[in-house]
1. Just to be sure before I move on: is B:Arg41 on the phi < 0 side of the Ramachandran plot, more than 10 Å from DNA strand D (Cβ to nearest atom) and open to solvent by 80 Å² or more (accessible area, probe 1.4 Å) in the structure I sent?
2. Kindly indicate the residue of the range B:226-284 that is over 21 Å from B:Lys194 (Cβ atoms) and of a type in the set (Lys, Arg) and also nearest to the other protein chains (Cβ to nearest Cβ) among those meeting that condition.
3. Among the candidates B:Ala44, B:Ala56, B:Ala81, B:Ala36, single out the residue that is of a type in the set (Gly, Ala, Ser) and in contact with a strand residue (DSSP E or B) (Cβ under 8 Å, 6 or more places away or on another chain).
4. Output the residues belonging to the range B:309-338 that are part of a loop (DSSP other than H, G, I, E, B) and either basic (Lys, Arg) or under 21 Å from B:Leu260 (Cβ atoms) (or both).
5. Scan the range B:1-30 for residues that are part of a loop (DSSP other than H, G, I, E, B) and either basic (Lys, Arg) or more than 10 Å from DNA strand D (Cβ to nearest atom) (or both) and jot them down.
6. Given the options A:Val161, A:Val172, name the one that is closer than 17 Å to A:Ser72 by Cα and surrounded by 17 or more Cβ atoms within 10 Å (Cβ to Cβ).
7. Looking at (1) away from DNA strand D (no atom under 16 Å from the Cβ); (2) open to solvent by less than 20 Å² (accessible area, probe 1.4 Å); (3) free of Cβ contacts under 8 Å to residues at least 60 places away in the same chain; (4) within 10 Å of chain A (Cβ to nearest Cβ), which is the one condition that is false for B:Tyr113?
8. Return yes when A:Arg52 is within 16 Å of DNA strand C (Cβ to nearest atom), open to solvent by 40 Å² or more (accessible area, probe 1.4 Å) and among the charged types (D, E, K, R) and no when it is not.
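The values are calculated or read from the model by the stated rules, or taken from the named source; none is laboratory data. Remember, predicted model here, so these are calculated numbers, not experimental data. Glycine also receives a Cβ, built like all others from the backbone with ideal geometry; neighbour counts cover every protein chain displayed. Note: accessible area is taken over every heavy atom of the protein model, side chains too, but ligands, DNA and RNA are not part of it. Shrake-Rupley method; radii C 1.70, N 1.55, O 1.52, S 1.80 Å.
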Number of protein chains: 2
Amino acid sequence: MGRNRATLADVARRAGLSKTAASMVLNGREGTRLSAEAHQRVFAAAEELGYRPNVAARSLRTRKTATIAFVSDIVATTRFAGGLIRGALDAARERDHVLLITETQGDAAFEQYAIEAMLDRQVDGVIYAAMATRRLAVPPAILSGPVVLLNATSPEALPCVLPDDERAGRTVTTALLEQGHRDRIALIGRARLKERDPEVSLAAQARLRGIRDILSGAGATLLAEAFCGDWLPEHGYAAMRGLLSKPTRPSAVICMNDRLAFGAYQALGEAGLAVPTDISVVSFDDDPIATWLRPGLSTAALPHEQMGRRAVEILLDDRGTEPVLVPMPLRRRRSIATPAS
Amino acid sequence: MGRNRATLADVARRAGLSKTAASMVLNGREGTRLSAEAHQRVFAAAEELGYRPNVAARSLRTRKTATIAFVSDIVATTRFAGGLIRGALDAARERDHVLLITETQGDAAFEQYAIEAMLDRQVDGVIYAAMATRRLAVPPAILSGPVVLLNATSPEALPCVLPDDERAGRTVTTALLEQGHRDRIALIGRARLKERDPEVSLAAQARLRGIRDILSGAGATLLAEAFCGDWLPEHGYAAMRGLLSKPTRPSAVICMNDRLAFGAYQALGEAGLAVPTDISVVSFDDDPIATWLRPGLSTAALPHEQMGRRAVEILLDDRGTEPVLVPMPLRRRRSIATPAS
DNA sequence: AACGTGCGCTAAACTGATTTAGCAGAGCAT
DNA sequence: ATGCTCTGCTAAATCAGTTTAGCGCACGTT
């Protein structure tokens, strides 16, 4: 790979100057007293030879590789991860950096290995990402250099980027109130474990807080709250059936994520009820299925691309320690309407 | 990052030997006449200092970085990509390699930049992946070293890994025949563009070929073939409605992918028809939604993980030039049944 | 005693960049 | 003529490894 690449020495020779001169010119060093003509010759030579510096050689001296490690638990290869990586990739490119990506598969040994492999390659910093927004313990090895947590926090109070789930809870609830829903709003996706253990989820609690905040502001309470073991379609389906079996039918349901909402749609379809005329549905995440459902699901989007982007920016540019909360915009589709009566 | 790492010189000093000796011992070189005791001392010193070689320094001399470039069009960040990357990551790790991942966003300038950035880092080889199985033109820059195409072929006949779509077509059709379907099988997802232009898709034609092969072997033909502009749920929905409006209702439909099948389910639900009692459905891809649908969708799975894995294996180990076809196993769920009458 | 041989190990070159220290020559003042 | 400063450039060290060439010693042979 790249066997006959021209080296700096080649460029210097062709320009009739020393390596020193060539290096300084190509790096745009100020204060060297090299003549305009010398500059010309170096640039011309580099151009003609198609010179590209050898990053390994350079980094040996400078200890900079223009490479960022992107380590995640299992985020890198799931549908949820795409945006995170894409945003990070974009921001990295703008700063002339490149990403070394690994995922740990949730396996500590694998993680250890992966992190060492990246540190061996002298990465300039590490982005440590989690699939579910949660608190986690950062492997000590990566603390030797700059780190940014993505979609996660840690006891060490490292710089981190999180979605603003609480505000999303408010957004979603407000969208319902604006349409006239108030006293018959149900919730699907209460989950003790997710709400209690920050190492499992930070989103559950935050979203719930946002929802309740707006509701109590309007002097209302939830009509019903369905608990779910997990946030998968089957749980949403079961929860929705449960809700429909009660005397008072909700006018709207908030689902804790889109997969639950998908399940809810299935139950509604079977019951012969139509979204949104019979029941409105809102949700969180903006999973691809949200656009595929009929009618399209209104949902507060996890701003994955933005988050990935911010992580790189923080790592490379500012790096303050206060958590960065990225807003979750509401994608308005056709699943919300004014209640029938 | 990694500021106080021990160097080989440190290890050598501690072992009371030369760098040469330390290097040879740690690399397990045969034929050096270093004593067993010298071996001991070097290993002990390395262990005590937590020595890890600096990959940049090593690669400067050896021109090997144990790093593979994974370049894709937009595969890296979509739900379809996950498995490809995961498989590649796994196989790479087994060979002590690491992945530099980029996606080109379908933009030639970006691609040029990304590839150069990776070559600058002296990668040992390139895996060039496409999201849709198709033929593509490989950027000349990467031809300077080992390349494997993933989910793609090229006019240059480079080594490549592809899913065995034709066989999948046969698998899926056979599954239907086995249940007694024969003369009322419809197809959703014919698409002229995809079938004609290998630069758009190789899957469409191959799947169709497999389906027809089995059908004609059984002396049957398709009851109906619905054409779709693309393979999204909305197209599947429209196609299914079209099929249902005809005099003879199919006993089974084959959808060209799971998203179409999802749309088909929606149309069936609205029409009050049940899967699989009224109509059986089979499909291709094994998208996550296949498990979420009610009933679960039987589908020939794109073996993404296997494919990613094979690509690395071919790149690093054998590298024959004949295309590698990876089988697409049928995931049997509940969407196929014996036709009613 | 001189010579060849195998053993156990090391000095130094090399990879391709950056960076430090400093040299030669011109111009000017004393 | 001497010393000083400034200009324009370069030699050599450095980063952390790998690799080549070969050194000194003990032993056996003639």
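1. yes
2. So, considering only residues that are over 21 Å from B:Lys194 (Cβ atoms) and of a type in the set (Lys, Arg), the one nearest to the other protein chains (Cβ to nearest Cβ) is B:Arg241.
3. The unique qualifying residue is B:Ala81.
4. Passing the criteria: B:Arg319, B:Met328, B:Pro329, B:Arg332, B:Arg333, B:Arg334, B:Ser335, B:Ile336, B:Ala337.
5. B:Met1, B:Arg3, B:Arg5, B:Gly16, B:Leu17, B:Gly28, B:Arg29, B:Glu30
6. Just one listed residue meets the conditions, A:Val161.
7. (2)
8. In short, yes.
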